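Contents: one structure, followed by commentary.
The values are calculated or read from the model by the stated rules, or taken from the named source; none is laboratory data. In this text the structure is predicted, and so the values were computed from the model without any measurement. Note that each Cβ is placed from the backbone with ideal geometry, even for glycine, and that neighbours are counted across all protein chains shown. The area values use the complete protein model at the heavy-atom level, side chains included, leaving out ligands, DNA and RNA. Shrake-Rupley method; radii C 1.70, N 1.55, O 1.52, S 1.80 Å.
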Amino acid sequence: MDEILGFLAQGFLAIFQPELLLYIVVGTIIGLVVGAIPGLGVQLAFAVILPFTFVIGAEGAVALLMAVTVAMMFGNSIPAVLVGVPGSPAAILTVLDGYQLHRQGKGGLALATSLFAALVGQGTSVVFFVFAVIPLAVIAYSFLTPEMFALYMLGIIAIVSLAGKNIVKGAMAAVFGLLVAMVGLDPVSGVARFTFDMPELRSGLSVPAMSIGLLAVSELLRQSRQAFSWTGARARMPKFPKLRELIPTLPGTFIGSVVGTLVGAVPGAGSTPAALISYQTTQLVSRKPETFGKGSVSGLAANESAQNSANSGELIPTLGLGIPGSGSMVLLLAALSINGFIAGPNLIREAPQLLEATIAGLLGATFVLFIVGWPLAKVLGKALTINRALVVVFGLVITAIGVYSLRQRMLDVFVCYLFGAIGYFMMRYGYSTPAAALAIVLGSSAESALRRGLNLFDNSVIDFFSRPITAGVVLVAITFLVIGIRRTIKLRKREAVLEPTGTTPR
Amino acid sequence: MSDDDSKPEAPAAATAESALEEGPLIPPVEETAQGVDNRFDALGAVGFVGIGLLFIGLAVAAPKSEFTHDAIGPWAIPVGLAVVLIALGLTQAIRSLRFFRRVGRIGPHEGAEDEPGYPVIPLRAIGFIATCLVYPLLIPVLGFLPTTLVVVAGGLWALHFRRPVPLVIATIVFTAAMYFLFVVVLSIRLPSGFLGWP
């Protein structure tokens, strides 16, 4: 308990370090602006910022990225409430109730509810996060190579099973990622593999370049498919309501905080399922369930609170175990690896300053959002009509230069765009790009853990997998696999029902 | 306000006709299909099978070391993964082809769907992909500034950002800002081409 409170206190004090405070303020503003522009997701924001993290250092990078994620959640709500356009998939529920409230002349109440729930949800989930991640760091002392291998496999299987509709395609994406991660020198023997005798490939393909390509560039290319028009979407900014009008939001906010943190901690889950489960739970316990979907402040609060709490929830497996649970967390670990930190259960022990920076980023951004959230929302409400052509083209060029700046190699830019093209087709046809990116990040470490671990146990597979923690983690992985297979079977059954009528071939 | 109207109003969308009005260089637009083409779905799965075969071929052809490193060695895991990829790819390809035979060309959408209300121009995405792959090859030859100016202007024009003055201003301001940020502020050397420009 003393250790947990100590980290919380250190993280709170770290907010007041001038350099960190600057990154937190900048990150909060960037997050608000990027979140308010539909089409720009947190992965793209991370991808653009990621190359700069080499310059500002690991702690600054973590604080900056955390501030961006905190602010983006509220930023997504601005267009959702004011013009009925969600800034992210998780904000679809915000549109459901928030935009309805705006149309009823209660736009100020809707936006204030979003802000209030975001602040409370984020603030409370940080405490949950620290209480969860510190015990994990203690358990980490027991982790040898078998446990590490099991964790890596759990992360990959979880995201394959829970994200996406087709587990076969998800598995293909993950295996593809594992294979491309093996280009370069073998981590155990040093043998060159799949290098085509090119010296440039001996160090392997750039992991940040491939991750950014799969997660961010693919999305930009996908947006180039359609002819968007944003004329006439300017919004009038409503007034802030009286504080007592926010009291009915408290139950939903509380439920959202708890559910969001718990669901967000499951690798592959993320803010969208967290928001949905929180919304449904709040509706179940509400005295006025019939108002949900028609302008319920309680439902809106539950949704917003859960989205923000899921931020901290995702950090629990990412920083506590080294298993990123979403695409943005994959990029967070890529940012840490650029600065020389290896993801894993020992990360917190070896670099406690990263945990303090994380807490500082989350709490600091919450405070900054409290101060600037409403005034900036008023400004952004007038600027929702940015042409998406600028977003796509500028985003593509910025990511190219950013990737180039990491190793000064144009090959990395080509790899980034190549994987962006691959990711575009993967996204279109249901192959999970987060699963592929995660497998790329973890692939080399997983192989190394397996082979070194077997050496350690005299090549005995039974001894390798029968260690208690390893066996437990493998059991959880199998559970996720079963869940994923059942989901896919359900989908296939639904398809079989559709087959007689089907869609009309063209 | 009507309680029945729970769907939010979508922003004004460009219609297929207005897109075509932009000029003959715009390829015909198509309405967003309800799903994906099962043939391309099968082709994608076959592509993964091809990747698996490539990795197996490279592993088999690679010279093997005489020294024993560990029980598994450097090639067993990649070959094993490639076999798994081939098996999964064939499974998915067969499934897609079965769908094609039973339901027809269009099957259920399992990936990211297009946003409703906005015309789809698939060839434009292909054009962007081609440009993206050529861009890093041209920069070392022509230099960062000339290449980026052309690519940014071309990209904005392709995405219907075509009013001449805003197009030129946006292109020049953005390129200059990127040069300032990366070269001047972050001291990163960007490739200079045969003209000697950065």
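Laid out as a table, the results:
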item: Probe 1.4 Å, all protein chains present, accessible-area order of A:PHE54, B:PHE99, largest first; result: A:PHE54, B:PHE99
item: Buried accessible area, chains B and A (both chains, 1.4 Å probe, Å² to nearest 100); result: 8100
item: Per-residue mean of C-beta atoms belonging to partner chains within 10 Å, peptide A:404-414; result: 4
item: Test item: Cα-centred dipole of chain A, Lys/Arg +1 and Asp/Glu -1 on Cβ, debye; result: 2020
item: Positive dipole terminus of the range B:35-108, leading residue within B:ALA71, B:VAL36, B:ILE51 (C-beta point charges); result: B:VAL36
item: Difference of contour (0.36 nm per residue) and Cα-Cα distance, A:ILE489 to A:GLU245; result: 83.2 nm
item: Farthest positive-ward along the range A:354-500 dipole, Cα basis, beta-carbon charges - from A:PHE367, A:VAL476, A:VAL415; result: A:PHE367
item: Fraction of accessible area attributable to carbon and sulfur, the range A:133-196 (%, probe 1.4 Å); result: 73
item: Chain A: angle of helix A:410-428 to the longest principal axis, Cα-based, in degrees nearest 10; result: 60
item: Listed peptides A:296-308, B:148-160 by packing density, highest first (mean Cβ within 10 Å); result: A:296-308, B:148-160
item: Net charge contributed by nearby residues that have their C-beta within less than 12 Å of A:VAL392 (K/R +1, D/E -1); result: +3
item: Exceeding the 28 Å Cα-Cα cut-off - candidates A:LYS239/A:LYS288; A:LYS242/A:LYS288; A:LYS106/A:LYS165; A:LYS294/A:LYS378; A:LYS165/A:LYS288; A:LYS169/A:LYS493; result: A:LYS106/A:LYS165; A:LYS165/A:LYS288
item: Packing rank of A:274-280, A:56-62, where each peptide gets the mean count of other beta carbons within 10 Å, highest leading; result: A:274-280, A:56-62
item: Computed lengthening from B:ILE172 to B:LYS64, 0.36 nm per intervening residue step minus Cα-Cα distance; result: 33.5 nm
item: Cα gyration tensor category, rounded, prolate or oblate, for the range A:289-442 with a/c compared to 1.5; result: oblate
item: Solvent exposure, largest accessible area first (probe 1.4 Å, DNA, RNA and ligands not counted), of A:PHE12, B:PHE194; result: B:PHE194, A:PHE12
item: Zone of A:ILE92's modelled label, taken as backbone nitrogen in the range A:158-187 under 11 Å from a point 7 Å along Cα→Cβ; result: none
item: Inter-site label distance for B:VAL185 and A:ILE139 at 7 Å from Cα along Cβ, in nm; result: 4.2
item: Net length gained if the chain between A:LEU411 and A:TRP374 were fully extended (0.36 nm per residue, minus Cα distance); result: 8.9 nm
item: Rounded if a/c under 1.5, otherwise prolate or oblate - the range B:126-198, Cα gyration tensor axes; result: oblate
item: Using alpha-carbon coordinates, inclination of helix A:352-381 to the longest axis of chain A, degrees; result: 30
item: Averaged over B:125-131, number of beta-carbon atoms from partner chains that fall within 10 Å; result: 6
item: Burial of 30 Å² or greater, the range A:173-198 residues [accessible area, probe 1.4 Å, versus chain by itself]; result: A:VAL175, A:PHE176, A:LEU179, A:MET182, A:SER189, A:VAL191, A:ARG193, A:PHE194, A:PHE196
item: Probe 1.4 Å, all protein chains present, accessible-area order of A:THR272, B:THR147, largest first; result: A:THR272, B:THR147
item: Crossing angle, helix A:433-456 versus chain A [Cα axis fit, 0-90 degrees, rounded to tens]; result: 30
item: Residue-averaged [θ]222 nm for the protein assembly as shown, counting only DSSP H segments that reach four residues, each worth -39500 (n - 2.57); result: -22000 deg cm²/dmol
item: Solvent-accessible area per residue for the range A:1-103 (1.4 angstrom probe, square angstrom); result: 31
item: Cα gyration tensor shape for the range B:31-140, rounded if a/c is under 1.5, else prolate or oblate; result: oblate
item: Shielding by other protein chains, B:100-109, mean Cβ within 10 Å; result: 5
